[in-house]
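Presented below is the structure to which this report refers.
What follows draws every value from the coordinates through simple rules; no lab data is involved. This one's a predicted model, so the numbers in the text were calculated from it and none came from an experiment. Cβ coordinates were reconstructed from backbone atoms using ideal geometry, including for glycine residues, and neighbour counts include every protein chain displayed.
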Amino acid sequence: MERILAIEDSPLVQAQLQDILQPGYRLDLCGDGPAGIAAATADPPDLILLDIYLPGMDGYAVCRELKGHPGTREVPVLFLTSLGAGEEKVRGFEAGADDYLVKPFYPGELLARVRLHLSSRREKRLALEVERLKLLRELAVALSHELNNPLTSLIGRLHLAEKALPDDAGETRQQLAEMRPELERVRAIVAKLARASRVARTEYVLGEEMIDLERLDE
């Protein structure tokens, strides 16, 4: 279940958020800015609802802190405020907010905004995962090519060395024989890497494909 952190000091608004969001999301509540920052950075949520007028540390400062932290900079922040003035919205966006909702808000509007930003974040994560898997595939192919030629040469030279040994070189022959299964293990790994570019792919979003790493052992 996706998790939402609400940094809001009003017990009434907290109760409203619980009524609207808790059936579909896990909701954590904090009543002031420092507590919200600590909670968000310790365990980053999927989305943050942030009141502007908080005791001690206002929402603008909280948002700047969150957007400057590597663990929370990508978490969407939706400002909640009782003011709808244009300059307030500008200040919010300048602080790094992703959206703005004026109180009192309609439950349907809040849910729509929450769903929109959570969906957008999921899509960004999926796109990033696709890019990572593409890089992994390219790396696997490059490594297989780089390793295959010297490995083939080593196995061939091992075979020639074994043939050239005199009959009384039993200990040396045994040592060479022990090398062979280790080289075969390396060759099996190289073969798996080579297969990564052409098998075990799964259709993904927007025509992309993913490598199913669990199937590389097949």
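Taking label points 7 Å from Cα along the Cα-to-Cβ direction, Arg187 and Arg73 give a separation of 4.8 nm. The residue among Thr81, Pro166, Leu126 whose Cα reaches farthest toward the positive pole of the charge dipole of the chain, with charges on the beta-carbon of Lys, Arg, Asp and Glu, is Pro166. Among Lys89, Lys134, the order by Cβ neighbours within 10 angstrom, fewest to most, reads Lys134, Lys89. Under 10 Å, Cα contacts only: if you run a Gaussian network model on the chain, which one of Thr72, Thr152, Thr41 comes out with the highest mean-square fluctuation? Sorting by GNM fluctuation, first place goes to Thr152.
Pairs of Lys residues in the chain, spaced 8 or more positions apart or belonging to different chains, with C-alpha separations under 20 angstrom: 5 in total. Computed about the Cα centre, the dipole magnitude for segment 37-117 is approximately 80 debye when only Lys and Arg (+1) and Asp and Glu (-1) carry charge, each at its Cβ. The ranking of Leu116, Leu5 from fewest to most other beta carbons within 10 Å of each one's beta carbon is Leu116, Leu5. Sorted on the mean count of surrounding Cβ atoms within 10 Å across their residues, most packed first, peptides 178-188, 28-38 read 28-38, 178-188. From its DSSP helices (H runs of at least four residues, each -39,500 (n - 2.57)), the chain gives a residue-normalised ellipticity at 222 nm of -19500 deg cm²/dmol. Residues Tyr106, Tyr100, arranged from fewest to most other Cβ atoms within 10 angstrom of their Cβ, appear as Tyr106, Tyr100.
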